[in-house]
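First up is the structure itself, then whatever we jot down about it.
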Amino acid sequence: MRVSRLMLVTLRDDPAEAEIASHKLLLRAGYMRRLAPGIFAYLPLLWRVLQKVSAIVREEMAAVDALETLLPQLQPADLWRRSGRWDGYTAGEGIMFHLVDRQERSLGLGPTHEEVVTELAADLLRSYRQLPVCLYQIQTKFRDEIRPRFGLMRGREFIMKDAYSFHADEACLQRTYAAMDRAYRRIFERCGLRAVAVEADSGAIGGSASQEFMVTAEAGEDLILASPDGRYAANQERAVSLPAASVPLEAGPCRSLATPGQSSIEDLCTAHGFDPTQTLKVLLLLARFAAAPPRGVLVCLRGDQQLNDVKLANAVTARCSDAGALLEIVPLQAEHLATDLSGDAGSVPFGFLGPHLEDPPLRNGDARAVAVPLLRLVDASAAELETFVCGANRIDAHLVGARWGELCPLPEVVDLRAAQPGERCLHDPSQRLEAARGIEVGHIFQLGRKYSEALEARFTNEAGSDEALWMGCYGIGVSRLAQAAVEQHHDADGIRWPVAIAPYTVIIVIASSQDAVQVALAEQLYGRLLRAGIDVLLDDRPERAGVKFKDADLIGIPWRLVVGRAAGDGKVELVDRSGGTGKRELTADAALEELVQSLGLQVASP
RNA sequence: CGGGGCGUGGCGCAGCUUGGUAGCGCGGGUGCUUUGGGAGCACUAGGUCGCAGGUUCGAAUCCUGUCGCCCCGACCA
């Protein structure tokens, strides 16, 4: 391709709309344009990158016998109602774009395809003899993100590869899951990305095991915690660790302590010389559901620990399975008691809560007081305390030396604390978690039978009886991956694409387009590279050399061939954009030979 | 949705405090010169200052409302 015909528009200044390097560069270098928040036009250069990524994905999917397909993006609401996800995906902070058609039918614009593909499986898969199968597609997904950000990092319309596998039993699912894990590692490696696999929360997709693939980059939205020995890595949402040991509280009977105005752990410890690890943090929260009234949740953590919202949401969801989708969990405020629970706002001593807080007495319609049970959970860090300091459930008072069992029964113990960098690992307490930031570019799940049971996707097993399919699903954010690559591969001058996903592999720069000798040699090289099957750009624009060098650096073509002063002697310069071999003057043939060889191709004769 | 910031030629910005009818850099076009790291000179096209009200003799500037965009939080490939 000739640059003069490429519709290349590069910008000298950083666009005001972009914050992070990759977003700025993709805009500046003419790869994309924003149409609306989270909605982008992929310009020809970027489309080539996306095609190259897709080609690698297709090869690796083929290698694990996945079948490419293309599923509908307009999806009937009924299908989503049957899986139980319609409300969660459309109401409240749901992310599904949805609409009503002229026949008054509700439709959603596909944010993901578990429902559609499971419906297909229910129709097509009847016998264990057909299993396992894996379908995938590379397609635009629509998600009404609460806050689109950073260009392609979090778009409302983006390209995703999503794959779904179906199995006769869990062991088979696990084999495919493992094969996908390996395929994903190959994909990211072939794309030239440094990526790490981490244990992950399954989120709204559901299912059991899941693993994310993170491209490490400072601009990443996720925090990864990993052990130095490489044996453990997890998203902080999911990560587990050993908290620091607590400082034992001096022995003695449980006593009351006046703590006027000391409603925070910090105030309490400062005033009385307690260590935060000796205290109990008691949080009163309100969980809202799609299909049930709100419910109060009482959570106990050790005073120095932080609540992990994701773990809590999972715990609440698991214990309120008939309440419909969990919409949100918010700190319970005094006004909630009256408005959401019809309770008495004065009855809860906020700031001085203890685990023995009674269920809030509520006024029913007939004015009789009824106690609505709180969902009570305790984190292991708090459950392990022999004695502790906690709120007395009276304003301006705490208890010192309280014990589980004496004060109140120990609530259900659940892991609810946020692991932090520097904490000891479970698998080897001599290892301490290290933090890194990452961009999630892939996520694989063992879904189990969640969708197949809901949508009655059943098959006949070897024994002749009917059973629900086992499922897995596997996603890669193709457009996000492209931007993540830029985030990981750029310098002060512009993008430095890995060769495998660069829009073009080589750019021939004619230093002086007025020089007939240079033009002739450049054209000859251009033809030979084209014939060798190399993706080559010829910068034939009547610009000064400096402009072309700047643009070549900015758009990030891995190899630059400069046809300049030495063209008369048949010599050119070969420049490696990643800086590997620097700038060298070679004969045209030698340069071509080297290029072709480094790219593993056959040289074409003049 | 809550908190913060910003809307001025295609892009990046100044002007607004203290109202007087719009400016700089880049980019576009034409010509001459230049020609290996975003050239110089000259000429030129292009903006009802997000929108709507209001105050005023007069509004980019002051007031009210409204819309849009960006950043921080909930969301996720």
Of A:Thr140, A:Thr112, which residue is β-branched (Val, Ile, Thr), crowded, with 18+ Cβ neighbours inside 10 Å, under 30 Å from A:Leu25 (Cα atoms) and within 11 Å of RNA strand B (Cβ to nearest atom)?
A:Thr112
A:Glu523 vs (1) open to solvent by 50 Å² or more (accessible area, probe 1.4 Å); (2) modelled with pLDDT under 95: all pass except (2)
Cβ-Cβ under 6 Å pairs, at least 6 apart or on other chains, segment A:169-196 side on the phi > 0 side of the Ramachandran plot, far side open to solvent by 40 Å² or more (accessible area, probe 1.4 Å):
A:Gly192/A:Ala500
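Considering only residues that are among the β-branched types (Val, Ile, Thr), open to solvent by less than 40 Å² (accessible area, probe 1.4 Å) and away from RNA strand B (no atom under 12 Å from the Cβ), which ones fall in segment A:452-500?
A:Val486, the sole residue that qualifies.
Every residue, every condition in (1) touching a Gly at 6+ places or on another chain (Cβ under 6 Å); (2) within 13 Å of RNA strand B (Cβ to nearest atom), yes or no:
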{"residue": "A:Ile146", "(1), (2)": "no, yes"}
{"residue": "A:Glu157", "(1), (2)": "no, yes"}
{"residue": "A:Leu173", "(1), (2)": "yes, no"}
{"residue": "A:Gly192", "(1), (2)": "no, no"}
{"residue": "A:Ala200", "(1), (2)": "no, yes"}
{"residue": "A:Ala209", "(1), (2)": "no, no"}
{"residue": "A:Glu218", "(1), (2)": "no, yes"}
{"residue": "A:Gln236", "(1), (2)": "no, yes"}
{"residue": "A:Gly252", "(1), (2)": "yes, no"}
Which helices (runs of 4 or more DSSP H) does segment A:237-350 wholly contain that include 1 or more residues that are within 30 Å of A:Asp428 (Cα to Cα) and of a type outside the set (S, T, N, Q)?
A:309-319
For segment A:530-538, check the following and say yes or no: at least one residue is at pLDDT 95 or above, surrounded by 22 or more Cβ atoms within 10 Å (Cβ to Cβ) and closer than 30 Å to A:Glu189 by Cβ.
yes
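Can you pull out every residue in segment A:10-23 that is open to solvent by 80 Å² or more (accessible area, probe 1.4 Å) and either more than 6 Å from RNA strand B (Cβ to nearest atom) or in contact with a Phe, Trp or Tyr (Cβ under 6 Å, 6 or more places away or on another chain) (or both)? Break it down stepwise before answering.
The first filter runs over segment A:10-23 and keeps only residues open to solvent by 80 Å² or more (accessible area, probe 1.4 Å), leaving A:12-14, A:16-17, A:19.
Within segment A:10-23, A:Asp14 is the sole residue that qualifies.
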Looking only at segment A:569-597, filter to residues that are near RNA strand B (Cβ under 10 Å from one of its atoms) and in contact (Cβ under 8 Å) with a residue 40 or more places away in the chain; which one of those is least open to solvent (accessible area, probe 1.4 Å)?
A:Val572
Filter segment A:24-42 down to the residues that are of a type in the set (Lys, Arg), out of contact with any Pro (no Cβ under 8 Å at 6 or more places or on another chain) and either more than 9 Å from RNA strand B (Cβ to nearest atom) or not in a strand (DSSP E or B) (or both) and list them by number.
A:Arg33
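Quick one: which residue in A:Leu26, A:Leu50, A:Leu43, A:Leu35 is touching a Leu at 6+ places or on another chain (Cβ under 8 Å) and either outside the structural domain of A:Leu537 (by TED's automatic domain parsing) or open to solvent by 70 Å² or more (accessible area, probe 1.4 Å) (or both)?
Details: A:Leu50 fails: touching a Leu at 6+ places or on another chain (Cβ under 8 Å); A:Leu43 fails: touching a Leu at 6+ places or on another chain (Cβ under 8 Å); A:Leu35 fails: touching a Leu at 6+ places or on another chain (Cβ under 8 Å).
Just a single option satisfies the conditions, and that option is A:Leu26.
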What about A:Leu561, is it surrounded by 13 or more Cβ atoms within 10 Å (Cβ to Cβ) and more than 13 Å from RNA strand B (Cβ to nearest atom)?
no
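The values are calculated or read from the model by the stated rules, or taken from the named source; none is laboratory data. In this text the structure is predicted, and so the values were computed from the model without any measurement. Please note: Cβ atoms are built from the backbone with ideal geometry, for glycine as well, and neighbour counts cover all protein chains shown. Surface areas here come from the heavy atoms of the whole protein model, side chains and all, with no ligands, DNA or RNA. Shrake-Rupley method; radii C 1.70, N 1.55, O 1.52, S 1.80 Å.
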